[in-house]
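**Q** Pasting a structure here, questions to come.
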Amino acid sequence: MNCLLVSVNQAVVPYPVYPLGVAYLCGALKQAGHAADHFDLLADGGIAGLRQLLRRSRYDLIGLSIRNLDTVDSCDKNDFIPEVASVVRLIRENSAAPVVLGGPAFSLMPRQLLEFLQADYGVVGEGEVLLPWLADELTAGRPPQAKLLRNEQPLEFWTRPSFGAGPLKYYLAHGGMMGVQTKRGCPYRCAYCSYPNIEGRSLRYRDPEETAAEVAWLAAEHRVRYIFFTDSVFNDGAGHFRLLAEALIKNGNQTPWCAFFRPQNLEREDLRLLKRAGLSAMEIGTDAACDRTLAGLEKGFDFTQVLHANRLAAEEKIPCAHFVMFGGPDEDRKTLAEGLDNLLRLEQCIVFAFSGIRILPGTALAARAVADGVIDADQSLMTPTFYFSPKLQEAELYRELAAAFAPREDRIFPVSSIIGKLTILHEMGHTGPLWDFLLRQPRQRNAS
């Protein structure tokens with residue numbers, strides 16, 4: 001079967017990210033004997049480019065990967081679903097192939113999106129088994145009666161990704177960074193987070209030597225200059241991340257990398273080991289700025305642990321970024337003031353701040369939003385909907401954050417304000433997440 005997979009994501013904040021899930025699906029389809037092309041709206045000419053492709057090529061199955069519902073930023077609201085609807089209409093106008101939806105965003109509200117977008121099928125969660133199976137069934141003339149397809153058990157293996165030439169060229173030119181997974185699943189219960197609903201709560205580890213070999217292959221075969229390990233949390237409590245570091249060292253890795261970290265399960269010897277393995281920057285999911293609001297988000301750690309992790313990173317000279325959301329459960333004027341004071345204690349790092357928290361279905365935050373009267377129990381969450389603590393006015397929160405962050409180059413609010421700088425750095429050929437360049441500038445902004 002001749003298959004086309006379309007990446008509909010066009011978000012570039014905080015940096016463009018290769019759609020790794022589509023690469024895995026292309027690899028799985030090819031391994032099962034099907035042909036698979038990858039079209040990326042960012043890389044391959046957008047709607048006009050897709051129209052041209054559909055007019056010159058015939059496909060038997062067309063899949064759409066929906067990674068994000070929106071920007072998840074209340075200061076820069078952009079609903080992506082209308083753009084996806086436009087893509088579906090274009091496909092219907094130019095192809096008779098069945099349309100299959102998938103991706104992380106689709107898996108959050110599959111029935112609602114399947115109905116709204118009027119697609120033929122939807123794959124919920126991991127698709128490396130289900131999508132080739134669907135292609136097999138359609139080839140055999142046995143179209144499944146069920147429109148929503150789900151795995152009965154989480155996958156315990158990884159297919160080798162197959163990268164599209166056009167997307168690969170684009171993403172390497174815009175940051176030079178590629179994603180690699182070392183594990184799937186997330187055991188934590190952060191109130192706002194959808195990862196456990198998509199990947200499950202049990203961690204499934206990839207063989208460390210296999211992961212290290214993929215990093216080497218990406219560098220040698222595709223000249224990848226920077227790796228981002230895309231796990232929900234890199235430094236797992238069981239210590240698998242240390243085995244990966246040892247495998248990278250054993251393999252002679254010279255490619256720098258970054259990952260998402262939790263400010264736990266991390267000591268000085270760990271950071272030194274990771275640096276030897278190529279760690280060049282850390283992104284920490286701090287998420288809130290004082291103990292009360294951390295508890296409100298059910299983070300499972302306190303701000304003392306955040307300070308400890310940041311101090312170790314600074315002393316080991318590892319660039320570090322914290323992502324913090326204000327306005328969550330139990331936020332009030334007192335916690336806001338305490339949180340802003342706490343951020344002043346984070347030295348030699350970047351802080352990205354968000355106002356309000358995107359409410360996603362099936363999360364504890366959604367239930368809290370109903371209980372607090374922020375949303376109705378039957379309210380659709382398909383369009384950008386944010387939790388703001390009833391104890392603090394949204395406009396007041398924005399003013400306080402803007403005033404606190406304005407004087408410093410290493411404090412970013414709103415996050416969309418950094419787009420211009422990152423774009424310039426990409427155009428200059430710099431690689432990686434690039435926010436670390438801000439640490440090389442004077443802390444104080446020039447008055448204007």
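The values are calculated or read from the model by the stated rules, or taken from the named source; none is laboratory data. These numbers come from a predicted model, not from an experiment. We place every Cβ from the backbone using ideal geometry, glycine too, and count neighbours over all the protein chains shown.
**Q** Could we say that residue 169 is under 20 Å from residue 228 (Cα atoms) and among the charged types (D, E, K, R) here? Full working, then the answer.
**A** Working: under 20 Å from residue 228 (Cα atoms): yes; among the charged types (D, E, K, R): yes.
Considered against the rule, which asks whether it is under 20 Å from residue 228 (Cα atoms) and among the charged types (D, E, K, R), residue 169 comes out as yes.
**Q** Also, I was wondering about something else. If you check residue 287 against the conditions, is it touching a helix residue (DSSP H, G or I) at 6+ places or on another chain (Cβ under 8 Å), surrounded by fewer than 17 Cβ atoms within 10 Å (Cβ to Cβ) and within 25 Å of residue 72 (Cα to Cα)?
**A** Details: touching a helix residue (DSSP H, G or I) at 6+ places or on another chain (Cβ under 8 Å): yes; surrounded by fewer than 17 Cβ atoms within 10 Å (Cβ to Cβ): no; within 25 Å of residue 72 (Cα to Cα): yes.
No: the conditions fail for residue 287.
**Q** Which one of these does residue 74 not meet: (1) surrounded by fewer than 22 Cβ atoms within 10 Å (Cβ to Cβ); (2) over 25 Å from residue 177 (Cβ atoms); (3) modelled with pLDDT of 95 or more; (4) not hydrophobic (A, V, I, L, M, F, W, C)?
**A** (1)
**Q** Going by the structure shown, is residue 347 modelled with pLDDT under 95, surrounded by fewer than 21 Cβ atoms within 10 Å (Cβ to Cβ) and closer than 22 Å to residue 270 by Cβ? Explain how you work it out, then say what you get.
**A** Working: modelled with pLDDT under 95: yes; surrounded by fewer than 21 Cβ atoms within 10 Å (Cβ to Cβ): yes; closer than 22 Å to residue 270 by Cβ: yes.
It is true that residue 347 is modelled with pLDDT under 95, surrounded by fewer than 21 Cβ atoms within 10 Å (Cβ to Cβ) and closer than 22 Å to residue 270 by Cβ.
**Q** Same structure, new question: Do we find a residue being out of contact with any Phe, Trp or Tyr (no Cβ under 6 Å at 6 or more places or on another chain), more than 19 Å from residue 287 (Cβ to Cβ), in a loop (DSSP other than H, G, I, E, B) and small (Gly, Ala, Ser) anywhere in the stretch 365-377?
**A** Of the stretch 365-377, the ones out of contact with any Phe, Trp or Tyr (no Cβ under 6 Å at 6 or more places or on another chain) are 366-368, 370-373, 375-377.
Subset that is more than 19 Å from residue 287 (Cβ to Cβ): 370-371, 373, 375-377.
Restricting the remaining residues to those that are in a loop (DSSP other than H, G, I, E, B) gives 373, 375-377.
Checking which are small (Gly, Ala, Ser) leaves us with 373, 377.
For the stretch 365-377, residues out of contact with any Phe, Trp or Tyr (no Cβ under 6 Å at 6 or more places or on another chain), more than 19 Å from residue 287 (Cβ to Cβ), in a loop (DSSP other than H, G, I, E, B) and small (Gly, Ala, Ser): present.
**Q** Shifting gears a bit: Can you list residue pairs whose Cβ atoms sit under 7 Å apart, with the first residue in the stretch 318-337 being more than 16 Å from residue 356 (Cβ to Cβ) and the second being among the acidic types (Asp, Glu)? Count only pairs 6 or more apart in sequence or on different chains.
**A** That search, which allows pairs on different chains as well, returns 319/436; 321/283.
**Q** A further question on this structure: Those residues that are buried (at least 18 other Cβ atoms within 10 Å of the Cβ) and of a type in the set (A, V, I, L, M), I need them from the stretch 33-52; list them, please.
**A** Scanning the stretch 33-52 gives 36, 41, 42, 43, 50.
**Q** Being in contact (Cβ under 8 Å) with a residue 60 or more places away in the chain and in contact with a Gly (Cβ under 6 Å, 6 or more places away or on another chain) is the filter; apply it to the stretch 64-101 and report the residue that is farthest from residue 383 (Cα to Cα).
**A** That would be 65.
**Q** May I ask you to say which residue of 161, 104 is outside the structural domain of residue 68 (by TED's automatic domain parsing), in contact with a helix residue (DSSP H, G or I) (Cβ under 7 Å, 6 or more places away or on another chain), over 17 Å from residue 62 (Cα atoms) and not hydroxyl-bearing (Ser, Thr, Tyr)?
**A** Details: 104 fails: outside the structural domain of residue 68 (by TED's automatic domain parsing).
None of the other options fit; the residue is 161.
**Q** Continuing with the same structure: Only one residue in 292, 223, 242, 268 is in contact with a helix residue (DSSP H, G or I) (Cβ under 8 Å, 6 or more places away or on another chain), among the basic types (Lys, Arg), under 30 Å from residue 366 (Cα atoms) and surrounded by fewer than 22 Cβ atoms within 10 Å (Cβ to Cβ), so which one is that? First the steps, then the outcome.
**A** Details: 223 fails: under 30 Å from residue 366 (Cα atoms); 242 fails: under 30 Å from residue 366 (Cα atoms); 268 fails: under 30 Å from residue 366 (Cα atoms).
Selected residue: 292, the only one of 292, 223, 242, 268 that is in contact with a helix residue (DSSP H, G or I) (Cβ under 8 Å, 6 or more places away or on another chain), among the basic types (Lys, Arg), under 30 Å from residue 366 (Cα atoms) and surrounded by fewer than 22 Cβ atoms within 10 Å (Cβ to Cβ).
**Q** Test residue 328 against the stated conditions and say whether it is touching a Cys at 6+ places or on another chain (Cβ under 9 Å), farther than 20 Å from residue 271 by Cα and part of a loop (DSSP other than H, G, I, E, B). Talk me through it step by step, then tell me what you get.
**A** Numbers: touching a Cys at 6+ places or on another chain (Cβ under 9 Å): no; farther than 20 Å from residue 271 by Cα: yes; part of a loop (DSSP other than H, G, I, E, B): yes.
Against the criterion (touching a Cys at 6+ places or on another chain (Cβ under 9 Å), farther than 20 Å from residue 271 by Cα and part of a loop (DSSP other than H, G, I, E, B)), residue 328 does not qualify.
**Q** Moving to a separate point now. List pairs: first residue in the stretch 127-147 and touching a residue at least 24 places away in the same chain (Cβ under 8 Å) and under 11 Å from residue 34 (Cβ atoms), second residue among the charged types (D, E, K, R) and exposed (fewer than 11 other Cβ atoms within 10 Å of the Cβ) anywhere in the structure, Cβ distance under 8 angstrom, at least six positions apart or on different chains.
**A** From the stretch 127-147, no pairs qualify.
**Q** Name the single residue that is farthest from residue 226 (Cα to Cα) among those in the stretch 389-439 being touching a helix residue (DSSP H, G or I) at 6+ places or on another chain (Cβ under 7 Å) and of a type in the set (Asp, Glu).
**A** Applying the filter and picking the extreme gives 400.
**Q** Give me the pairs, please: first residue somewhere in the stretch 360-388 and without any contact (Cβ under 8 Å) to a residue 60 or more places away in the chain, second residue anywhere and β-branched (Val, Ile, Thr) and in a helix (DSSP H, G or I), beta-carbon distance under 7 Å, and either six or more positions apart or on two chains.
**A** 377/370
**Q** Here is a further query. Counting only residues that are in contact with a Pro (Cβ under 8 Å, 6 or more places away or on another chain) and among the small types (Gly, Ala, Ser), how many does the stretch 286-312 have?
**A** 2
**Q** Can you name the condition, by its number, that residue 212 falls short on among (1) of a type in the set (Gly, Ala, Ser); (2) within 24 Å of residue 314 (Cβ to Cβ); (3) crowded, with 18+ Cβ neighbours inside 10 Å?
**A** (2)
**Q** Kindly list, by first and then second residue, each pair from a residue in the stretch 174-196 that is within 18 Å of residue 368 (Cα to Cα) and of a type outside the set (Phe, Trp, Tyr) to a residue that is surrounded by 18 or more Cβ atoms within 10 Å (Cβ to Cβ) and at pLDDT below 90, limited to pairs with Cβ atoms under 8 Å and residues at least 6 apart or on different chains.
**A** 189/196
**Q** Residues being in a loop (DSSP other than H, G, I, E, B), within 22 Å of residue 320 (Cα to Cα) and either of a type in the set (A, V, I, L, M) or out of contact with any Leu (no Cβ under 8 Å at 6 or more places or on another chain) (or both): count how many of those fall in the stretch 246-255. Full working, then the answer.
**A** Initially, the stretch 246-255 is screened for residues in a loop (DSSP other than H, G, I, E, B), giving 251-255.
Subsequent filtering for residues that are within 22 Å of residue 320 (Cα to Cα) retains 253-255.
From what is left, the residues that are either of a type in the set (A, V, I, L, M) or out of contact with any Leu (no Cβ under 8 Å at 6 or more places or on another chain) (or both) are 253-254.
Total meeting the criteria: 2.
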